[in-house]
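Notes follow once the structure below has been shown.
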Amino acid sequence: MSILKCSDPIALNLWYAIAPLDEVLIGETAQTILLEQPIAYTRNHTGEIVAWVHDVASGGNPETDRLPIKERYGYFWTSLGTPDADIFPIPEYDEQDRRNIHAASFGVNVSAPRLVENFLDMGHFPYVHTDILGAEPHTEVKEYFVEVSKERDEILATNCKFWQPMAAAVASGGMDVDYVYRVPHPYSAVLYKSNPTDPERMDVIAIFIQPTSQETLRVHMLLSLLDESNDDISIRLFQQTIFGQDKPILENQYPKRLPLDPRAETPIRADKSAIAYRRWLSDKGITYGVIPAAA
Amino acid sequence: MTTDLQSNWYPIASSSDLPKRHVYQAQLLGREFAVWRADDGYVNVWENRCLHRGVRLSIGINNGTELRCQYHGWRYANRTAGCTYIPAHPADAPARTICNNTYPAQEAYGLVWAGELAVGELPAIDGFESATVLRPVPIMAPQKMVNQALLGYAWDDTCESAENSDGSVTITATDGSAVRVFVQPVDSNHSVARALYNRKVAGEERIALLKRHSWLMQELRDRTETQAARQETPAPYEPVIAKVSEDLVDIPAISVDGRKADLRVQVARKEMTADGIASLRLEAIKDQLPTFQPGAHIDVHLPNGLVRQYSVTNGPGETDHYTIGVKREPDSRGGSVAIHDTVGEGDVLAISAPRNNFPLRRDAVHTIFIAGGIGVTPLIAMARALNAQGLEFEFHYFVQSDDHVAFKRELSEFEGALNIHKGQSPKETGETLTEVLANPGYARHVYICGPGPMLEATRQIAADKGWADEAVHFEYFKNTTELDDSNSFEIDLARSAMTLTVPAGKSILDVLRENGINMSSSCEQGACGTCRCGVIEGDVIHQDVYLSDGEKAEGRSIMTCVSRAASNRLILDI
Ligand code: FES
Ligand SMILES: [Fe+2]
């Protein structure tokens, strides 16, 4: 294998979602980039997915440069290193009555951690997702809880609430919607959102980021919904609209890498989860996609 | 490191790049600027970065007085670049000095000039007092190389060029026409040539001039870029982004000062109701607003961290909003100025539920209202309540002039009961009041609200005329008493079975809160009556202006925010 550009051992040893399973076709080879390393993948004649390091010069060898593969949540995952942990659990994915949909894969010119923070952020709803996920003057981010679970090594934000116009498909007015956020992977996050049809259960939206470089990424978005009334196309279009609103904001954040120095930016209480996330990354010693705090 | 480069002035934009309400993105020595003109004409040159999460402010919204970030709606003020509003926490003040970096800027000769560390005034550019700004030309080459190339710039055979001490190049032709070119170092390998022509020309002539120089400059650009491409590209500048101040690192805690601001209202309308007095119509964001009583006030938590009390002027049944009147008082600590200058229609404010420490008796046969200036607000609500019930009253309003009469529409409801006394001297006011208060009697009540001296005078006249203490009701806006908190004493809390020490420098209210006892308060200066507490035993030094003299003499209650024990210990009914 050629020398990797990414030298962050933690980032190298993580699992990354690369493509939805049904887009990997027998006999068709596709290329992409992971942590600045070109890779290629295909589905061989036995139906098995194969991925390998693809050198621009030599082309790479599917046999000798083979990468580990896992199939999970509708995507195939790989790693440039040797992951010591399995892919994090999303138990809801296996519930029989849910619809699991691949919403989209997007390219964004920003570091992966900036996108994770955006995903955890409610304060921007009235401004960026105006009249969809929020609307002025309902701008307050109420108190919520954040914890870092040692045992699961993930960040959990609970009791999050944000006022959403037309929150219920049936109700015409707005109301507070409940959210729970998990960050189980430095570059992935899972969000749970209360659902008008079943007060006991929540819809799940997950983002799995494939950093293509320190300052660019592809993100794969999974939905696991209780929704029975909308078709896949309109559900996808909705998520793509939301994402299309975030993209220009994300691409105008400066610096593109997430600064971990506490004095780089100004947090407010609404950013509790983001602060926990920055500390968690710092404690792990992640360097890829961030500007580490000076020691 | 400071370099000469940083201390120079450079043109970074043309004046025409800053049309009304636009935000222009400029760059100098690798540093991006958000450049915007406020409606008052002031040109702001700021770091192009929101202090919150680093979003470019050049994609923000210029509303004429403030720049609003697109991501979370933080707002930064014209000139100071201080953050005035954080929508995610409408009850909190963005008080801590959240202030963006600003850079020296000047607008002259049709250009906007800035310098990272420029000092003093922009030096005069002689001979270009009445100039035409030529089209700026970007060139992918270092500033020095462009300057060099400009020495060969010419539009006819008579042109001669010379470098000026500021590094710019002037090219002069024998017919007296001249062009002076300033090279803006956008980055180490990226420049913009911005030129002035020494005559003001218009119309066809201007277009011909611009075309000609665009053409010549384009040629210069091509040559210079070819030359630059042959040499090694210098490393881009790496502007250092200043860190935010240390005190901004920690997330501010929820305010625990017991002044509860549990309501969120939106400013639905803001207008000037009289000279220096704004009226604000506050509407609920959701649900119903709590009931108010005539005479009630609300605490308004202002974006600058201050908490201010304002009386509700509503009439009975007007339950979908609160309307308050705010007088601009430039000398005060900035509460009213903040409302006048930074709170706008559509903003969310955190307020307390209305509290009534100035209750209205509705069992009087006749009620006299005496208002001075902005003191009219609670009395308007009271008189409207009596009016609606058909109860008899008279309303006296003392103002400087007609321009100072606030809430004219509401006042017009009082028809014949309204007496506006304009421009009276203190002596004349005394005479009028002596007349107004001539007849005390059974079930007759007086309500007074106005500035301290007028209030004192009115109370005195009422006492002289034989009005009983219980019939004279008043509300001070503020306590001007000199407060003394130098003694220390103990308080016994009868119902909570606790003994606490109140040291010098702290109020009873402070000590109660420190010990987890929740006591509500509002003005915290002995004027509003919210922190009143019963006294079971002990003598009180009253320093408030809320209790009447009779109540003070009785010694049965205390304003815990300002008053103290005269004895070693007080037993309080809490
Ligand atoms: S990044 Fe500007 S308001 Fe949050
Ligand atoms: Fe978003």
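Rule-based calculations on the coordinates, nothing more; no lab input. Being a predicted model, the structure only gives us computed values, none of them experimental. Don't worry about glycine lacking a Cβ; one is built from the backbone with ideal geometry, like all the others, and counts go over all protein chains shown.
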What translational D, rounded to a whole number of µm²/s, comes out for chain B from Stokes-Einstein when the hydrodynamic radius is the Kirkwood one over Cα pairs, at 37 °C and 0.692 mPa s?
115 µm²/s
The stretch A:39-66-the stretch B:355-382 distance, computed between alpha-carbon centres (Å):
85 Å
Give me the one-decimal nm value for the distance between modelled label points at A:A293 and B:N439, 7 Å along each residue's Cα-to-Cβ direction.
7.6 nm
Rg in Å to one decimal, and Dmax rounded to a whole Å, for the stretch A:1-133 via C-alpha atoms
17.2, 53
Loop sites in the stretch B:418-505: trypsin sites (Lys or Arg not before Pro), DSSP, at most 13 other Cβ within 10 Å
B:R495
Share of antiparallel DSSP beta bridges in chain B, in percent to the nearest 5?
80 percent
Past 20 Å, Cα to Cα, is the threshold; run A:K70/A:K150; B:K422/B:K465; B:K427/B:K465; A:K142/B:K286; A:K247/B:K20; B:K20/B:K200 against it and keep the listed order.
A:K70/A:K150; B:K422/B:K465; A:K247/B:K20; B:K20/B:K200
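For the residues A:S105, B:S521, what sequence is obtained by ranking on other C-beta atoms within 10 Å, fewest first?
By the 10 Å Cβ count, ascending: A:S105, B:S521.
Normalising by the residue count of chain A, find the relative contact order in percent from Cα pairs under 8 Å and 6+ residues apart. Can you show the working numbers first?
Values: 582 pairs, mean separation 56.9, N = 295.
It rounds to 19 percent for chain A.
Which value, in debye to the nearest 20, gives the size of the charge dipole of the protein assembly as shown about its Cα centre, when Lys and Arg are +1 and Asp and Glu are -1 at the Cβ?
On the way: 81 positive and 117 negative charges, 129 e Å.
Charge dipole, the protein assembly as shown, about its Cα centre: 620 debye, nearest 20.
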Counting pairs of alpha carbon atoms under 8 Å apart in space and at least six apart in sequence, what relative contact order in percent does chain B give?
9 percent
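Looking only at other chains, what is the average number of their beta-carbon atoms within 10 angstrom of each beta-carbon in B:235-241? Don't skip to the answer; put the middle values down first.
Values: counts 0, 0, 0, 0, 0, 0, 5.
Mean partner shielding for this stretch: 1.
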Only Lys, Arg, Asp and Glu count, each charged at its Cβ (+1, +1, -1, -1), so figure out the dipole size of the stretch B:263-351 about its Cα centre, rounded to 20 debye.
120 debye
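When A:R66, B:R564, B:R264 are ordered from fewest to most other Cβ atoms inside 10 Å of their Cβ, what list results?
On the way: A:R66 14, B:R564 23, B:R264 20.
Ordered by Cβ neighbours within 10 Å, fewest first: A:R66, B:R264, B:R564.
So what is the 222 nm mean residue ellipticity for chain B from helices alone, if each DSSP H run of at least 4 adds -39500 (n - 2.57) and you divide by all residues, rounding to the nearest 500 deg cm²/dmol? Provide the component values of the computation, followed by the final result.
On the way: 10 runs with 104 residues, N = 574.
-5500 deg cm²/dmol, from helical runs alone.
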Once you sort the root eigenvalues of the Cα gyration tensor of the stretch B:157-280 as a ≥ b ≥ c, which label holds: rounded (a/c under 1.5), prolate (a/b larger than b/c) or oblate (the other case)?
oblate
Cα convex hull of the protein assembly as shown: how many Å³ per residue?
242 Å³
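Report the equivalent ellipsoid semi-axes for the stretch B:519-566 in whole Å, largest first, defined as the square roots of five times the eigenvalues of the gyration tensor built from alpha carbon atoms.
On the way: eigenvalues 50, 24, 16 Å².
Here the semi-axes work out to 16, 11, 9 Å.
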Quick one: pull the percentage of alpha-carbon pairs in the stretch A:9-78 with a separation above 18 Å.
33 percent
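Assign one of three labels to the stretch B:489-572, namely rounded, prolate or oblate, based on the Cα gyration tensor with a ≥ b ≥ c the square roots of its eigenvalues; rounded applies when a/c is under 1.5, prolate when it is not and a/b is larger than b/c, and oblate otherwise. If you can, show how the numbers build up before the last one.
Working: a/c = 1.57, a/b = 1.20, b/c = 1.31.
Oblate shape, in that a/c is at least 1.5 and b/c is the bigger or equal ratio.
Taking square-rooted eigenvalues a ≥ b ≥ c of the alpha carbon gyration tensor, is the stretch B:263-351 rounded, prolate or oblate, where a/c under 1.5 means rounded and, failing that, a/b exceeding b/c means prolate?
Working: a/c = 1.65, a/b = 1.44, b/c = 1.15.
It is prolate, given that a/c is not under 1.5 and a/b is the larger ratio.
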So how do B:R384, B:R194 line up by other beta-carbon neighbours within 10 Å, fewest first?
B:R384, B:R194
Distances longer than 31 Å among the Cα atoms of chain A: what percent of all pairs is that?
29 percent
Just counting partner chain Cβ atoms within 10 Å, what average do the residues of peptide B:69-77 show around their Cβ?
5
Would you calculate, for chain A, the mean residue ellipticity at 222 nm contributed by helices, counting each DSSP H stretch of 4 or more residues as -39,500 (n - 2.57) and dividing by all residues, to the nearest 500?
-5000 deg cm²/dmol
Search the structure for amide H atoms under 5 Å from the amide H of A:A19, placed 1.01 Å from N in the peptide plane, and list their residues when 5 or more places away or on another chain.
A:F76
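For peptide A:111-118, how many partner chain Cβ atoms fall within 10 Å of a residue's Cβ, on average? Don't jump to the answer; show the numbers that get you there.
Details: counts 0, 0, 0, 2, 0, 0, 1, 2.
Mean inter-chain Cβ contacts per residue within 10 Å come to 1.
Size of the dipole of the stretch B:1-117 about the Cα centre, Lys and Arg at +1 and Asp and Glu at -1 on the beta carbon, nothing else charged, in debye to 20? Display every interim value, and only then the final one.
On the way: 11 positive and 10 negative charges, 74 e Å.
For this selection, approximately 360 debye.
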Please express the shape of the stretch B:450-540 as an equivalent ellipsoid: the semi-axes are the square roots of 5 times the eigenvalues of the C-alpha gyration tensor, given largest first in whole angstrom.
31, 15, 13
Using DSSP to define loop residues, name the GluC sites (Glu not before Pro) in the stretch A:122-217 whose beta-carbon has at most 10 other beta-carbon atoms within 10 Å.
A:E151
If you find the alpha carbon centre of the stretch B:419-452 and of the stretch B:466-515, how far apart are they in angstrom?
31 Å
What are the radius of gyration and Dmax of the stretch B:3-229, computed over its Cα atoms and given in Å?
19.3, 70
